[in-house]
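Visitor: Input: one structure, supplied below.
Taken together, the values in this text are just the output of simple stated rules run on the coordinates, not laboratory data. Values in this document were obtained by computation on a predicted structure and should not be read as measured data. Neighbour counts run over all protein chains shown; Cβ positions are idealised from the backbone, glycine included.
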Amino acid sequence: MVDALAWVCDLGADRAVLLDEDLLERASVTVPCPGRIRARADATAWVVLSRSCGPTGRHDLALVRPAGAVGRLAALGPVRDLECLDGADALVVEGDWTQATARVLRVHEDGAVRQLAVWNGAVAVAGSRDRVFVGTLSGDGLLLDAGVVNGLPLARVALGKEISDVAPAVGGGWWVLSAAGGARLWRLDEQLGVVIERDLGGTIEDLAPSSTGSGANERLWMPRSGEPWLVAVDGDGRVVHDVDVTRIGPFRRGDGLADGGALFVASGSVLRVGPGGAAVSAQGGFDGLQDVSVVPRP
C-alpha cells in the first residue's frame, strides 16, 4: 500500500489528494466538485461529488483510488453527512435541506445501497462495529443496527439541542456536539446514557476524534468555527488544549490521528497538530480545501 496518512478534497482544484506522513502529495485524483471525503482502511476513499458544486441538487458518491481510478457508485440527493464504518462501507445522511425527512444509507464498495432508516431531521452519522449513531436537528440521538434495513432504533436519547456532529468514542459510546446557542458536548455510553456534558461556548461544528487512548490520554479535537483556534478535550471531557493558530486558520474541518494529534484544513493549507497541542507541520499550495480524513490503521 502506498505511504498514506490522509485524504483531502480540494474543491478549488477539482481533485482528491492523498498525503503522506510529511503532508506531501502521494497521489492526486481528478474529481469534479468534491465536498466531503472519508478514507478507508485500504487507502481508498469515499468522496461526495456535487453536480451543481454546492450543497443542493444532485450528488454522486464515488470511490477514489491512489492509482487514479474513480468509480461513481451511487446517485444521491443533497448529502448532509458522510462517514466510514470501520474503514470500509460508507454511511450517508441524504436529504433535501428544505425537507424534514432524511435517509440514513449504508453503501458497499460494489455499489449496493441499504437504507438503514428514514428519520425526520437526521443530520449527522457515525458508526462503530455493528452500530450506527444518528444525530438530528431536534436534538435526538438514535442508535441503529448497522446490518438491519429500515430497522427501528435500538435506543434513543433526547438532548434538547440541535446536533451538529457525532463521532465514536474510544472504548465505546459516542461523542455528540451541538453548536446551537453556544457549543455543548456530550459523551454517551453504548446505550446512549449521558456520561459527560460540557459547555464549551462559542461556535464549534466539527469533531475530530483520536482513535486511541482512554481517559486522560484520549483526545477529541475541535476547530472553532470562523476562528483560528483549536480546542481539545480528553476522554473525561476536560479541556486540555486551547490553541491559537492565527498564522494558518480559521479551519473548516479536522480529523484525529492515532497518536492523539489531529489534522485540520484551512482553505489553502493543511496543519498537523501533535498530542501536546503544538503545530508539528503544515503544507500549503491548495486552492480550496473542504475536508480531511485520516486513513484508518488496523
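Visitor: Pop the C-beta distance of residue 281 and residue 28 into the FRET formula with R0 = 22 Å and round what comes out to the nearest 0.05.
Guide: Efficiency, from the Cβ-Cβ distance: 0.70.
Visitor: In vacuum, with every alpha carbon of the range 146-298 counted as one equal point scatterer, what does the Debye formula give for log10 I(q)/I(0) at q = 0.13, 0.20 Å⁻¹? Two decimals, please.
Guide: Here the Debye-derived log intensity ratios amount to -0.58, -1.25.
Visitor: Then there is this: Under a 5 Å amide H to amide H cut-off, with H placed in plane at 1.01 Å, what residues pair with residue 36 once short-range neighbours are removed?
Guide: Residues meeting the amide H criterion: 48.
Visitor: Quick one: compute the contact order of the chain, relative version, from alpha carbon pairs under 8 angstrom and 6+ residues apart, as a percent. Intermediate results must be reported in sequence, preceding the final value.
Guide: Values: 938 pairs, mean separation 38.9, N = 298.
With pairs under 8 Å counted, the relative contact order is 13 percent.
Visitor: Sticking with this one: Taking amide H positions as placed 1.01 Å from N in the peptide plane, with prolines and chain starts having none, which residues 5 or more places from residue 241, or on another chain, fall under 5 Å of its amide H?
Guide: 232
Visitor: Then there is this: Based on Cβ point charges of +1 for Lys and Arg and -1 for Asp and Glu, what charge dipole magnitude is obtained for the range 201-288 about its Cα centre, in debye rounded to the nearest 20?
Guide: Numbers: 7 positive and 11 negative charges, 34 e Å.
That gives the range 201-288 a dipole magnitude of about 160 debye.
Visitor: Any idea what diffusion coefficient the range 145-214 gets from Stokes-Einstein, in µm²/s, Kirkwood Rh on alpha carbon pairs, 37 °C, 0.692 mPa s?
Guide: This corresponds to a translational diffusion coefficient of 251 µm²/s.
Visitor: Here is a further query. Using a Gaussian network model of the chain whose springs link C-alpha atoms within less than 10 Å, name the residue from 14, 234, 259 with the highest mean-square fluctuation.
Guide: The residue with the greatest mean-square fluctuation here is 259.
Visitor: Rounded to the nearest Å, what's the spacing between the alpha carbon centres of the range 242-298 and the range 12-60? Just the number, please.
Guide: 16 Å
Visitor: Which FRET efficiency value, to the nearest 0.05, is calculated for residue 100 and residue 198 with the Förster distance at 25 angstrom and r the Cβ-Cβ distance?
Guide: 0.30
Visitor: Sticking with this structure for a sec: What dipole magnitude, in Debye to the nearest 20, does the range 24-73 give about its Cα centre under +1 on Lys/Arg Cβ and -1 on Asp/Glu Cβ?
Guide: Charge dipole of the range 24-73: 120 debye, to the nearest 20.
Visitor: How large is ³J(HN,Hα) for each residue in the range 126-134, as worked out from phi by the Karplus curve 6.51 cos²θ - 1.76 cosθ + 1.60 (θ = phi - 60°), to whole Hz, x for Gly and Pro?
Guide: Once rounded to whole Hz, the list reads 8, x, 7, 6, 9, 10, 10, 10, 10.
Visitor: No partner Cβ under 4.7 angstrom, meaning no disulfide-compatible partner by this rule: which Cys of the chain qualify?
Guide: Cysteines lacking a close Cβ partner in the chain: 9, 84.
Visitor: I'd like the Karplus ³J(HN,Hα) series for the range 191-204: coefficients 6.51, -1.76, 1.60, θ = phi - 60°, whole numbers in Hz, and an x wherever there's a Gly or Pro.
Guide: 9, 6, x, 6, 9, 9, 9, 9, 8, 9, x, x, 10, 9
Visitor: Then there's this: What's the whole-number percent of alpha carbon pairs in the chain lying beyond 23 angstrom?
Guide: Within the chain, distances greater than 23 Å cover 51 percent of Cα pairs.
Visitor: Tell me, what is the percent relative contact order of the range 217-294, built from C-alpha pairs under 8 Å that lie six or more residues apart?
Guide: Across the range 217-294, relative contact order equals 24 percent.
Visitor: Separate question: Report, by chain and number, residues whose modeled amide H sits under 5 Å from the one on residue 205, excluding near sequence neighbours (fewer than 5 apart, same chain).
Guide: Long-range HN contacts for residue 205: 225.
Visitor: On to the next question. Taking the Cα centre of the chain as the origin, how large is its charge dipole in debye, to the nearest 20, when only Lys and Arg (+1) and Asp and Glu (-1) carry charge on their Cβ atoms?
Guide: Numbers: 28 positive and 38 negative charges, 95 e Å.
Dipole magnitude for the chain comes out near 460 debye.
Visitor: Ordered by residue, what ³J(HN,Hα) values in Hz, to whole numbers, does the range 259-276 give under the Karplus form 6.51 cos²θ - 1.76 cosθ + 1.60, where θ = phi - 60° and Gly and Pro are x?
Guide: Coupling constants for the range 259-276: 7, x, x, 7, 10, 9, 10, 9, 4, x, 8, 10, 10, 10, 10, x, x, x Hz.
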